[in-house]
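The values are calculated or read from the model by the stated rules, or taken from the named source; none is laboratory data. Note that this is a predicted model, so its numbers are computed, not measured. In this analysis, Cβ positions are derived from the backbone assuming ideal geometry, glycine residues included, and neighbour counts consider all displayed protein chains. For the accessible areas, the whole protein counts, side chains as well, though only heavy atoms, and no ligand, DNA or RNA atoms are used. Shrake-Rupley method; radii C 1.70, N 1.55, O 1.52, S 1.80 Å.
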Amino acid sequence: MSLVVVGSIAFDAVKTPFGERERMLGGSAVHFALAASFFSEVRVVGPVGADFGDPEYAVLHERGINTDDIEQVPGGKTFFWRGHYDYDLNTAHTDETQLNVFGEFQPKLSAESRAADTLFLANIQPDLQREVRELCDEAGLVALDSMNLWIETARDSLLRTIAAVDIVFMNDAEVRMLTGEGNLVRAARAIMATGPRAVVAKQGEYGAALFTEDSFFALPAYPLEAVNDPTGAGDSFAGGFLGYLHSQGDSGDADEGVLRRAMTYGSVLASFNVEEFGTERVRRLGRGEIDGRFAELKDMTSLEAVPAR
Ligand code: AMP
């Protein structure tokens, strides 16, 4: 029973109105894996360079994440992303992307990773996502995230990858951009018509919406007073969501209640991620804090008045 993620493993340089970091551990697969590790056993697939050392591995190992399929390229450099945010923390501005070891990456998966029953194709070049999807042909639940860069530069490949997954996670603007459909409901339907059974449209500080063929569910983001760095919020959301779904044994047949709880765990993990820079907050997180915030979100979104806890 394992949950496998392929995606970027990165060093990030991030500047927000509340601070900056010149080089910190990041990447879509890292943020996802940390969040999912609170619910499931997680294996990370992806390349790193010679500059990726013990302190970086330690962040993953402290959470029990399996790194056997992280390929260290001798003399190579780890993927690097530099970005900034203005006061609208919902919009990341990319200043620099160095693919480095990802430029030459050919996924090689161990037998254990190939046997994944849940697979997350975190944000990375869509051809690579599809290669991994084809290698993990036993996975009963496959989900994907992507971004505007790949919609602009590799749209056809991305559409082929989307057709081979069960759940698509994207920002609402990206859902619209990909489909050329301004209305989010119709845009989500257009994606589902190509194969996936669900679309999760992430809406930054406004929360996230889940579309399936016959249902709709939406949650606000947990109302935080201090948001310092939104980098990785989307991946942490997907990690909480899929980590929980995987722990419930979902292989494409989750009932509506399980999906709604997955949305809630996704929101909770994303909320902790954005409180501090990079992985700082999630590294210190405990399961009790997660469950406490889950209960709060449940109360906040109840249609009935709820007595104070
Ligand atoms: P998000 O959850 O969308 O905020 O994801 C943030 C992470 O995505 C950062 O830690 C970056 O390292 C990573 N990232 C940024 N651009 C790319 C890209 N083009 N491909 C893969 N990962 C990226």
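Details
- For the range 170-279, the solvent-accessible area of protein heavy atoms averages 37 Å² per residue (probe radius 1.4 Å; ligands and nucleic acids excluded).
- Rg to Rh, two decimals, where the range 222-294 supplies the alpha carbon set and Rh follows Kirkwood: 1.00
- Summing charges over neighbours of residue 203, with a neighbour being any other residue whose Cβ is under 14 Å away from its Cβ, gives -2 when K and R count +1 and D and E count -1.
- Against the empirical curve 2.2 N^0.38 Å, the C-alpha radius of gyration of the chain lands at a ratio of 0.92.
- Ordering of 286-297, 156-167 by packing [mean C-beta count within 10 Å, highest first]: 156-167, 286-297
- Here's how it looks for residue 164: its modeled amide H is under 5 Å from none belonging to a residue 5 or more places away or on a different chain.
- Membrane-span-like helices of the chain, defined as complete DSSP H segments with a Cα extent of 15 Å or more along the helix axis and a mean Kyte hydropathy of at least 0.0, are identified as 233-247, 256-275.
- Ordering of 53-63, 186-196 by burial proxy (mean other Cβ atoms within 10 Å per residue, highest first): 186-196, 53-63
- Simple label model, 7 Å out from Cα along Cβ direction - residue 149 to residue 214, nm: 4.0 nm
- DSSP-defined antiparallel bridges as percent of all bridges, the chain, nearest 5: 40 percent
- Carbon/sulfur fraction of accessible area - the range 3-300, other protein chains in place, 1.4 Å, %: 47 percent
- Computed label-point distance, nm, for sites residue 256 and residue 110 using a 7 Å Cα→Cβ extension: 4.1 nm
- Projected label distance in nm at residue 94 and residue 295, using a 7 Å step from Cα toward the beta-carbon: 4.2 nm
- Qualifying lysines (Cα of each under 30 Å from Cα of residue 108; at least 8 residues distant if same chain): 77
- Per residue value of the accessible surface for the range 35-125 (all protein chains in place, 1.4 Å probe), Å²: 45 Å²
- Under the Debye formula (equal points on every Cα, no solvent term), log10 I(q)/I(0) of the range 88-222 at q = 0.09, 0.12, 0.22 Å⁻¹: -0.28, -0.49, -1.38
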